[in-house]
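**Student:** Dumping the structure here so I can ask a few things about it.
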Amino acid sequence: MSTILDRFFKLLGALGAFFIFATLAIEVVNIVGRELGYSMAGADAYAGYFLAAGSFLALAYALRSGDHIRVTLILQRLRGRPRWWMEVLCLVVATLLSSYFAWFAARLVWGSYTFHDISQNVDATPLWIPQLSMALGLLGLALAFAEQLFETVRTGRVPGTAEEAAHVE
């Protein structure tokens, strides 16, 4: 199961990187266009959609890579079993919250789809399309937290220390 999730998280990370790069490309084209007296209608809206897509889609990959900022003010003071229990508690809360957000993001997508909700900008994009990346990214994050929780409980080991989280590659 871990290899399937690894591939899924890497795919989400690659899609996130693509959309972040696409945001840059749209903005550069928009800036150059303005200097040349040409304006693309809806470019700002699509840059916003792509930035949101890149940010949400990269969440699970960033978590798996140890790139999220962890506030370990309390955790760093704990050792042994109390540390493990606190990590499990944090992972349970993170799994529940990310699952909650993923559920309601999916409901938002479905609502926008069924009510044919469109953007109020010039582009008039059906909103379920950009919202889908948010729901997918939050689903990936919930799965990543759930997998980390499962592995922590299964192995009895703490998922990472502050020193490991601060690695630079």
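The values are calculated or read from the model by the stated rules, or taken from the named source; none is laboratory data. Just so we're clear, the structure is a prediction, and the values are computed from it rather than from any experiment. For neighbour counting, all protein chains shown are included, and Cβ atoms are generated from backbone atoms with ideal geometry for every residue, glycine included. Accessible surface is based on the protein model in full, side chains and every heavy atom, while ligands, DNA and RNA are left aside. Shrake-Rupley method; radii C 1.70, N 1.55, O 1.52, S 1.80 Å.
**Student:** Spin-label point model (7 Å from Cα, Cβ direction): what's the PHE150 to ASP67 distance in nm?
**Tutor:** So the two model labels end up 2.4 nm from each other.
**Student:** Quick one: which residues, 5 or more positions from LEU78 or on another chain, have an amide H under 5 Å from its amide H? H modelled 1.01 Å from N in the peptide plane, none for Pro or chain starts.
**Tutor:** Distant-sequence amide H within range of LEU78: zero hits.
**Student:** What is the set of long-range amide H partners of ILE118 at a cut-off below 5 Å, with H atoms built 1.01 Å from backbone N?
**Tutor:** For ILE118, whose amide H was placed from the backbone, the distant partners under 5 Å are LEU127.
**Student:** Okay, moving on. Here are several values of Cα extents along the principal axes in Å: (i) 64, 39, 30; (ii) 61, 52, 26; (iii) 79, 32, 22. Which one was derived from the coordinates shown?
**Tutor:** (i)
**Student:** Here is a further query. Per DSSP H run of at least 4 residues, take -39500 (n - 2.57); add these up for the chain, divide by its residues and hand me the 222 nm value, nearest 500 deg cm²/dmol.
**Tutor:** -25000 deg cm²/dmol
**Student:** Using +1 on the beta carbon of Lys and Arg, -1 on that of Asp and Glu, and nothing else charged, what's the dipole of the chain about the Cα centre, debye to 20?
**Tutor:** 760
**Student:** Probe of 1.4 angstrom, ligands and nucleic acids ignored: what's the accessible area per residue over the stretch 40-116, in square angstrom?
**Tutor:** Accessible area per residue, the stretch 40-116: 64 Å².
**Student:** Give me a comma-separated list of calculated 3J(HN,Hα) values for the stretch 72-87, in order, Karplus coefficients 6.51, -1.76, 1.60 applied at θ = phi - 60°, integers in Hz, x for any Gly or Pro.
**Tutor:** The phi angles translate into 10, 4, 8, 4, 5, 8, 9, 9, x, 5, x, 5, 4, 4, 5, 4 Hz.
**Student:** Related question: How high is the relative contact order of the chain, given as a whole-number percent (alpha carbon pairs under 8 Å, six or more residues apart)?
**Tutor:** 29 percent.
**Student:** Once each part is reduced to its C-alpha centroid, what is the distance from the stretch 106-161 to the stretch 21-41 in angstrom?
**Tutor:** The distance from the Cα centre of the stretch 106-161 to that of the stretch 21-41 comes to 29 Å.
**Student:** Follow-up question, since we're still on this one. Among GLN131, GLN148, GLN120, determine the one that fluctuates most according to a GNM of the chain built with springs between C-alpha atoms less than 10 Å apart.
**Tutor:** Maximum fluctuation in the GNM of the chain, among the listed residues, is at GLN120.
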